[in-house]
Amino acid sequence: MLKPKKKISRKEIKKDPVLEKISQIEHLVREKSKVILYVVVAVVILLVLSFAMIRSKQNANRQASGELGMAELALASGDIDNAIVQFEAIVEKNPNTETAGMATIILGQAYILKDDYEKAETYFWSYIKDYKDDNLLTAAAYNGLGACNERAEDFKQAAVNFEKGGNISSYKFLKNECYINAIRANIKIRNVENADRLLKLISAEDLDYRLKTQFDILKASLEVLKG
């Protein structure tokens, strides 16, 4: 029978320079994670809004598309509670439609902004189960699920969902975002092999400043783990 791994105390971490370095890097990532999350949500909202406006011209249900745009603008302006009410109304009035699918994925993002990860997870799974008709949004749903898993400190499942999002996305910016998140989760569970494999899938030249900063931090952390 395997013996349970000994939990490392903060005092022991301070005595070990390798673990102390990892602890410092993880602290930096945690401090920046909320700001990073707001940026990611804003990017997804803007993309979905653009797609909704384009598709509404080809869609007979222009009213629903207009309502979606108004709800997205409310969310982008920071009126989260009002936006949630509007998105939920869209889902209820337009079941099984493209517009309802978009509202569902953004509801997951909105509840993350309210720190209600349980509700957020429900909507992300709902999109994957009931819609899953758009690579960008499906990848965003898995990325959102990973964020919920990470919040619950289930880093193993977070790594799985983040990587799924990266594999599905046909958009490089979101693919890189998901892979970077997956690397972070793998580092948390000390899965050096997976973290290193994912790191090699990312070209640093393709990253903007925000992602490049995270990439460099995680790369340094991985090097520490590898010794």
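Cross-link reach is defined here as a Cα-Cα straight distance under 12 Å, omitting same-chain residues fewer than 8 places apart; for K226 the aspartates and glutamates meeting it are E193, D196.
With the cut-off at 20 Å, tell me which of the pairs K129/K172; K114/K219; K172/K212; K164/K200; K132/K188; K93/K114 have Cα atoms farther apart than that.
On the way: K129/K172 24 Å; K114/K219 31 Å; K172/K212 14 Å; K164/K200 16 Å; K132/K188 29 Å; K93/K114 24 Å.
Correct reply: K129/K172; K114/K219; K132/K188; K93/K114.
Throughout, read-outs are computed from the coordinates displayed, never taken from laboratory work. Computed from a prediction, not measured in an experiment: that's the story for all the values here.
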